[in-house]
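Participant: A single structure is presented below for examination.
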Amino acid sequence: MRVRPVSFAVLVEDLADRLASRESDSRIRVAVDGADAAGPGRLADALVDPLRVRGRPAVRIDTGDFLRPASLRLEFGRTNPDSFYTGWFDEAGLIREVLDPAGPGGTGRIVTRLRTAAVDRAVREPYQTLPENAVLLVSGPLLLGSGLPFDFTVHLAVSAAALDRRTEPGERWTLPAFARYVDEVAPETFADVVVRLDDPRHPALVTALS
């Protein structure tokens, strides 16, 4: 593997070029996968304007707006890493309301929010219809390896030591879930793009040697 240090701006432009060059008359469902400490939402947000400049309207989804009800999510306590790993996010809702409609043959009618931690009830978000050439940017942790139908995947890799340093105290209970994710899913081995982010000021693109 080759590791190429890049600036954040170069990373954004590189990813925008890759996405804009794909099927120009089809929607693309993109996962930006990473722990909160890696900032997947920041990267996904930064891609919106560059994609629009390239003629690809972009729509943002954050999995934090697709949580399961608290009665299910917190069944084994508020800080259970196994629950975070297997039952925190409403993957069925994400597929039903976003990924399938945005996919081949889908209606294009999606909702961008279902349920958040702050409001433990269904969010009354109106449906919107995606343009035929839209890029759907879905950000969040633990997105890969569970069968979610993405067309392009970006994994933000952070070493265990760096993740330990950069995770907020109130979120440190999630660390065993990310260790399990690395061991069981190994997202670095199959994501379309891997970005190492041990130092958020100095991202590095990981590519296979040709």
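Participant: Would you mind finding the longest exposed-site-free stretch of the chain, with exposed trypsin sites (Lys or Arg not before Pro) meaning DSSP loop and at most 12 other Cβ atoms within 10 Å? Kindly include the intermediate steps, with their values, before the conclusion.
Facilitator: Values: sites that count: Arg78, Arg121, Arg124, Arg201.
After excluding every exposed loop site, the longest remaining stretch is 1-77.
Participant: Name the GluC sites (Glu not before Pro) in the range 72-167 that are in a loop by DSSP and that have at most 13 other C-beta atoms within 10 Å, would you?
Facilitator: Working: sites: Glu75, Glu91, Glu97, Glu132; in loops: Glu75, Glu132.
Answer by residue number: Glu75, Glu132.
Participant: Moving on. Could you work out which residue, out of Val98, Val53, Val12, moves most in a Gaussian network model of the chain, that is, has the largest mean-square fluctuation with Cα springs under 10 Å?
Facilitator: Of Val98, Val53, Val12, the most mobile in the Gaussian network model is Val53.
Participant: Under 8 Å for C-alpha pairs, at least 6 residues apart: give me the relative contact order for the chain, rounded to a whole percent. Before the final figure, lay out the partial values.
Facilitator: Working: 392 pairs, mean separation 70.6, N = 210.
Once divided by the residue count of the chain, the mean separation gives 34 percent.
Participant: Another question, then. Could you state, as a whole-number percent, how many of the C-alpha pairs of the range 51-210 are farther apart than 24 Å? Kindly include the intermediate steps, with their values, before the conclusion.
Facilitator: Values: 5296 of 12720 pairs.
When all Cα pairs of the range 51-210 are counted, 42 percent exceed 24 Å.
Participant: Report, by chain and number, residues whose modeled amide H sits under 5 Å from the one on Arg109, excluding near sequence neighbours (fewer than 5 apart, same chain).
Facilitator: Excluding prolines and chain starts, which carry no amide H, the hits are Leu130.
Participant: Would you grab the residues whose amide H sits under 5 Å from the one on Ala204? Only those 5+ places off in sequence or on another chain, please, with H modelled 1.01 Å from N.
Facilitator: Amide H neighbours of Ala204, under 5 Å, 5+ apart: Val6, Arg196.
Participant: Pop out the ³J(HN,Hα) list for the range 137-152 in order, Karplus 6.51 cos²θ - 1.76 cosθ + 1.60 with θ = phi - 60°, rounded to Hz; leave Gly and Pro as x.
Facilitator: Values, residue by residue: 9, 9, 10, x, x, 6, 7, 9, x, 10, x, 5, x, 9, 9, 8 Hz.
Participant: Now for a separate question. Quote the charge dipole size of the range 134-210 about the Cα centre in Debye, to the nearest 20; the model charges only the Cβ of Lys and Arg (+1) and of Asp and Glu (-1).
Facilitator: Using Cβ point charges on Lys, Arg, Asp and Glu, the range 134-210 gives about 180 debye.
Participant: So for the chain: antiparallel DSSP bridges make up what percent, rounded to the nearest 5? Intermediate values should be presented prior to the final figure.
Facilitator: Working: 10 of 30 bridges.
Roughly 35 percent of the beta bridges in the chain run antiparallel, per DSSP.
Participant: Let me ask you something else. What are the ³J(HN,Hα) values, in whole Hz, obtained from phi via the Karplus relation 6.51 cos²θ - 1.76 cosθ + 1.60 with θ = phi - 60°, for each residue of the range 90-99 in sequence order, with x given for Gly and Pro?
Facilitator: After applying 6.51 cos²θ - 1.76 cosθ + 1.60, I find 7, 5, 4, x, 5, 5, 5, 9, 10, 6 Hz.
Participant: Using a Gaussian network for the chain with springs between C-alpha atoms less than 10 Å apart, which of these wobbles most: Leu114, Leu72, Leu197?
Facilitator: Per the Cα network of the chain with a 10 Å cutoff, Leu72 tops the list.
Participant: Shape verdict for the range 1-138, please, from the Cα gyration tensor: rounded (a/c under 1.5), prolate (a/b greater than b/c) or oblate. Could you put the intermediate results ahead of the total?
Facilitator: Details: a/c = 2.37, a/b = 1.35, b/c = 1.76.
It is oblate, given that a/c is not under 1.5 and a/b is not larger than b/c.
Participant: Right, something else. Roughly how far apart, in whole Å, are the Cα centres of the range 1-24 and the range 140-157?
Facilitator: Value for the Cα centre distance between the two parts: 17 Å.
Participant: Please state the relative contact order of the range 143-210 as a whole percent: Cα pairs under 8 Å, 6+ residues apart?
Facilitator: Numbers: 61 pairs, mean separation 27.7, N = 68.
Reported relative contact order: 41 percent.
Participant: With bins 10 Å wide starting at 0, give me the P(r) of the range 127-210 over every alpha carbon pair, in whole percents.
Facilitator: Calculated over all Cα pairs of the range 127-210, the distribution is 14, 42, 31, 12, 1 percent.
Here, each number is a calculation from the coordinates, and none is a lab measurement. Note that the coordinates shown come from a computational prediction; the quantities given were computed from them, not determined experimentally. In this analysis, Cβ positions are derived from the backbone assuming ideal geometry, glycine residues included, and neighbour counts consider all displayed protein chains.
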